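Structure first, commentary second.
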Amino acid sequence: MREFLVEITTTVPEGTGQDEVDRRRAAEAVRAKELAATGHLVRLWRPVGELRSIGVWRAADEAELHDKVLGTLPLRPWMNLTVTPLESHPNDPGRGDATR
């Protein structure tokens, strides 16, 4: 699977009831756990003092990432996404072959 850096800003539409927001957020937590278990959600951070998330996600390609991974998130209709495809860097200390 390829890796992608995904920046997510979620904006709740004006007039949305708190019950709907709470329901979607709870469903989002469940779906995130499912995607992590299948290897699609690798890491997720929230910058200090900001209402956005930055994560490393995996999918076969960008189409699958949008359609079958991010598109399944309950909050997706309220999300603005920035997706950056990633590739390994030769100096990455996490690479298994860094000493070669």
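The values are calculated or read from the model by the stated rules, or taken from the named source; none is laboratory data. Quick caveat: nothing in here was measured; it's all calculated off a predicted structure. Backbone-built Cβ (ideal geometry, glycine too); neighbour counts: all protein chains shown. For accessibility, only protein heavy atoms count, side chains too; no ligands or nucleic acids. Shrake-Rupley method; radii C 1.70, N 1.55, O 1.52, S 1.80 Å.
Structure data summary
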quantity: Under 5 Å, built H, 5+ apart or other chain: amide partners of LEU41; calculated: ALA36, ARG58
quantity: Percentage relative contact order, the chain, counting C-alpha pairs under 8 Å, at least six apart; calculated: 44
quantity: Heavy-atom accessible area per residue - the chain, 1.4 Å, Å²; calculated: 68
quantity: Size-normalised alpha-carbon gyration radius of segment 41-97, reference 2.2 N^0.38 Å; calculated: 1.32
quantity: Hydrodynamic radius by Kirkwood, which averages 1/r over all alpha carbon pairs of segment 5-47, in angstrom; calculated: 12.1
quantity: Taking segment 36-89 and dividing mean pair separation by its residue count, relative contact order in percent (alpha carbons under 8 Å, at least six apart); calculated: 22
quantity: Heavy-atom accessible surface of the chain: percent carbon and sulfur, 1.4 Å; calculated: 50
quantity: Karplus (6.51, -1.76, 1.60) ³J(HN,Hα), θ = phi - 60°, over segment 47-54, in Hz, Gly and Pro reported as x; calculated: x, 4, x, 10, 9, 9, 10, 10
quantity: Student exercise, the chain dipole from Lys, Arg, Asp, Glu Cβ charges, in Debye to nearest 20; calculated: 280
quantity: Selection from ILE54, THR10, ASN80 lying farthest towards where the dipole of the chain points positive, charges on Cβ; calculated: ILE54
quantity: Fraction in percent of alpha-carbon pairs per bin - 5 Å, segment 6-100; calculated: 2, 11, 19, 23, 18, 12, 7, 4, 2, 1, 0, 0
